[in-house]
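Okay, so here's the structure we're looking at.
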Amino acid sequence: DPCTTVYVKFRVKDDLGRLSQYGDLSNMYFVIWTTTIWTLPGNLAIAVHPRESYVLVKADNGELYIVAEALCAKVMQAGGFDHYEIVKQFRGQDFEYMKAQHPFLDKESLLCCAEYVTMDSGTGCVHTAPGFGAEDFQICQQYDKAGLTHIGVPVPVNAKGVMTDERYNGQFYAKGNDMVVEDLEKEGFLVAKENITHSYPHCWR
């Protein structure tokens, strides 16, 4: 079952005053990884593990990326960066309540802490779309209940598998996948794209 996975940049929008001393926020991104590209319009949050180590990395294109330290080398390799420098180390909890800008919709993504974030694949920054996964729904509910955000649960795909968000409305999700990748690429939000073959049951992310 081959599938395309993408590494996508979400620009740091509100750093709560904790990151701007290390570089220009307009050039600083949380990098998420997903295999279900068509769920990106439903993104409302990015989950990080509160106690794991994360790094702010400067790539040789001048951009700054936030990824888990354990996955940094792999992400940089996927992005084709031969040279990069670790600017600063953080714990996941340092990012809690920061906000990132959604790459192609006019909305924000809230940084949340979640124990289920693993360090075995991806970037350690988990794309969270409450309309598409139980864990995602729960973590967003949790932050909603805290009264800190109004995340809600948009499900931008209908029962027939047709996308309903404002940008890809009317597209079947499988075709939507390709369109989203194309747009991310065109607009400069794609760090890398890989084709992988899953030979094991896998989670929708």
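The table below gives the values:
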read-out: Interchain or long-range residues, amide H under 5 Å from Tyr54's placed H; value: Glu69, Phe90, Arg91, Gly92
read-out: Å² of accessible area per residue within the chain, as computed with a 1.4 Å probe and no ligands counted; value: 46 Å²
read-out: Heavy-atom accessible surface of the chain: percent carbon and sulfur, 1.4 Å; value: 48 percent
read-out: Qualifying lysines (Cα of each under 21 Å from Cα of Lys107; at least 8 residues distant if same chain); value: Lys9, Lys13, Lys99, Lys145, Lys186
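The values are calculated or read from the model by the stated rules, or taken from the named source; none is laboratory data. Since this is a predicted model, take the numbers as computed values, not measurements. Quick note on the areas: whole protein, heavy atoms, side chains included, nothing else; ligands and nucleic acids left out. Shrake-Rupley method; radii C 1.70, N 1.55, O 1.52, S 1.80 Å.
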